[in-house]
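**Q** I'd like to ask some things about the structure below.
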Amino acid sequence: MKITFYGHASLGIEISDINILVDPFISANEKASHIDINTLKADYILLTHAHQDHILDAEAIAKRAGAKIVSNYEIVTHYGNLGIEGHPMNHGGNWNFDFGRVKYVNAIHTSSFPDGSYGGQPGGFIIEGEHKTIYIAGDTALTMDMKLIPMQTKLDLAILPIGDNFTMGVDDAIIAADMIECDKVLGYHFDTFGYIEIDHEAAKKKFYDANKDLMLLGIGDSIDL
Ligand code: NI
Ligand code: MN
């Protein structure tokens, strides 16, 4: 499993030869100006919720690449009305895709579309493929629901928001890592806007002091699990 950070909360995940994009918000992110959405491969686009900073490029990429949208029922219906194929899920549900298994899990946040229309309830994803399992938390507060995850799942990596203000900050993300029993964390949802700028070295030191590893990837950089 290869994971690429495309800035903000945008990720590419490659499992076998299948390409998954998560929450593509790239074309309006000045920090990601070196990423061209027209060259990104996508068989699936996973959307955690309907906020603009998670769905901005989903329609364009899905139409160009013929990608299938995987998200909550309301978001999949929205894209279905635009002629885009999708797979609807809801909280607690699992599905076996050709690349692996996905569970849509709880997140504490909101999920309106940019025009204010209802975007269902926000979520996160647990993705299992090529014998690795990752948790993509989406935009969320720290929540006791996270304790449910290790009851069923041994995570190899957790991708957690750390930018604070709209989501968990670093201190809560460290508690989340304890709850989900995963000490290997990739941070996301930071630095894109003034509200969520963080001190990278201070964040890494806090994780280190809690015996955890916080990775912060440059935009366009990848890790292999
Ligand atoms: Ni959001
Ligand atoms: Mn967001």
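Rule-based calculations on the coordinates, nothing more; no lab input. Here the structure is a predicted model, which is why all the values come from computation and not from measurement. With ideal geometry, Cβ positions are generated from the backbone for all residues, glycine too; neighbour counts draw on all protein chains shown.
To keep it simple, each residue is scored yes or no on (1) surrounded by fewer than 17 Cβ atoms within 10 Å (Cβ to Cβ); (2) away from ligand 1 (no atom under 16 Å from the Cβ); (3) in contact (Cβ under 8 Å) with a residue 40 or more places away in the chain.
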{"residue": "His109", "(1), (2), (3)": "no, no, yes"}
{"residue": "Ile127", "(1), (2), (3)": "no, yes, yes"}
{"residue": "Ile134", "(1), (2), (3)": "no, yes, yes"}
{"residue": "Leu157", "(1), (2), (3)": "no, yes, yes"}
{"residue": "Asp171", "(1), (2), (3)": "yes, yes, no"}
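**Q** Restricting to region 1-42, give me the number of residues that are out of contact with any Asp or Glu (no Cβ under 6 Å at 6 or more places or on another chain), under 15 Å from His54 (Cα atoms) and small (Gly, Ala, Ser).
**A** The total comes to 4.
**Q** Just checking, which of Leu217, Leu225 is within 22 Å of His54 (Cβ to Cβ) and either in contact (Cβ under 8 Å) with a residue 12 or more places away in the chain or over 16 Å from the mean Cα position of the chain (by Cα) (or both)?
**A** Details: Leu225 fails: within 22 Å of His54 (Cβ to Cβ).
When all the criteria are applied, what remains is Leu217.
**Q** Consider Ile75 carefully, then state whether it is closer than 23 Å to Asp164 by Cα, within 16 Å of ligand 2 (Cβ to nearest atom) and surrounded by 14 or more Cβ atoms within 10 Å (Cβ to Cβ). Write out each step before concluding.
**A** Numbers: closer than 23 Å to Asp164 by Cα: no; within 16 Å of ligand 2 (Cβ to nearest atom): yes; surrounded by 14 or more Cβ atoms within 10 Å (Cβ to Cβ): yes.
Spelling it out, it is not the case that Ile75 is closer than 23 Å to Asp164 by Cα, within 16 Å of ligand 2 (Cβ to nearest atom) and surrounded by 14 or more Cβ atoms within 10 Å (Cβ to Cβ).
**Q** Continuing with the same structure: Take Ala173 and decide whether it is of a type outside the set (Ser, Thr, Tyr), assigned to a loop (DSSP other than H, G, I, E, B) and within 16 Å of ligand 2 (Cβ to nearest atom).
**A** Values: of a type outside the set (Ser, Thr, Tyr): yes; assigned to a loop (DSSP other than H, G, I, E, B): no; within 16 Å of ligand 2 (Cβ to nearest atom): yes.
Spelling it out, it is not the case that Ala173 is of a type outside the set (Ser, Thr, Tyr), assigned to a loop (DSSP other than H, G, I, E, B) and within 16 Å of ligand 2 (Cβ to nearest atom).
**Q** For region 1-56, list the strands (runs of 3 or more DSSP E) that sit wholly inside it and hold at least 3 residues that are not β-branched (Val, Ile, Thr); which are they? Even if it seems obvious, please write down each step before you answer.
**A** Working: elements: 2-5, 11-15, 18-22, 44-46.
It comes to 11-15.
**Q** Still on this structure, I have one more. If I filter region 136-148 down to residues being among the charged types (D, E, K, R) and farther than 16 Å from Phe190 by Cα, which single residue comes out as nearest to ligand 1 (Cβ to nearest atom)?
**A** Looking at residues that are among the charged types (D, E, K, R) and farther than 16 Å from Phe190 by Cα, I get Asp145.
**Q** Under 7 Å between Cβ atoms, which residue pairs at least 6 apart in sequence (or on different chains) link something in region 11-37 that is within 14 Å of Ser222 (Cβ to Cβ) with a partner that is within 16 Å of ligand 2 (Cβ to nearest atom) and among the aromatic types (Phe, Trp, Tyr)?
**A** Final answer for the pair search is Leu11/Phe5; Gly12/Tyr6; Ile35/Tyr6.
**Q** Continuing with this model, one more query. Which condition breaks for Gly66 when tested against (1) under 17 Å from Asn19 (Cβ atoms); (2) touching a residue at least 60 places away in the same chain (Cβ under 8 Å); (3) over 16 Å from the mean Cα position of the chain (by Cα)?
**A** (2)
**Q** Condition test on Val76, is it among the hydrophobic types (A, V, I, L, M, F, W, C), in a helix (DSSP H, G or I), touching a residue at least 12 places away in the same chain (Cβ under 8 Å) and touching a His at 6+ places or on another chain (Cβ under 7 Å)?
**A** Working: among the hydrophobic types (A, V, I, L, M, F, W, C): yes; in a helix (DSSP H, G or I): yes; touching a residue at least 12 places away in the same chain (Cβ under 8 Å): yes; touching a His at 6+ places or on another chain (Cβ under 7 Å): yes.
Considered against the rule, which asks whether it is among the hydrophobic types (A, V, I, L, M, F, W, C), in a helix (DSSP H, G or I), touching a residue at least 12 places away in the same chain (Cβ under 8 Å) and touching a His at 6+ places or on another chain (Cβ under 7 Å), Val76 comes out as yes.
**Q** Could you list, in sequence order, all residues of region 90-107 that are surrounded by 16 or more Cβ atoms within 10 Å (Cβ to Cβ), farther than 21 Å from Asp43 by Cα and of a type outside the set (S, T, N, Q)? Outline the logic, then answer.
**A** So in region 90-107, the residues surrounded by 16 or more Cβ atoms within 10 Å (Cβ to Cβ) come out as 91, 97, 99-100, 102-107.
In the following step, the residues that additionally are farther than 21 Å from Asp43 by Cα were identified as 91, 105-107.
The answer is His91, Val105, Ala107.
**Q** For region 83-110, give me each residue that is assigned to a loop (DSSP other than H, G, I, E, B) and closer than 25 Å to Arg64 by Cα.
**A** We begin by selecting, within region 83-110, every residue assigned to a loop (DSSP other than H, G, I, E, B); these are 83-85, 90-93, 97-100, 107-110.
Residues satisfying the conditions are Gly83, Ile84, Glu85, Phe97, Asp98, Phe99, Gly100.
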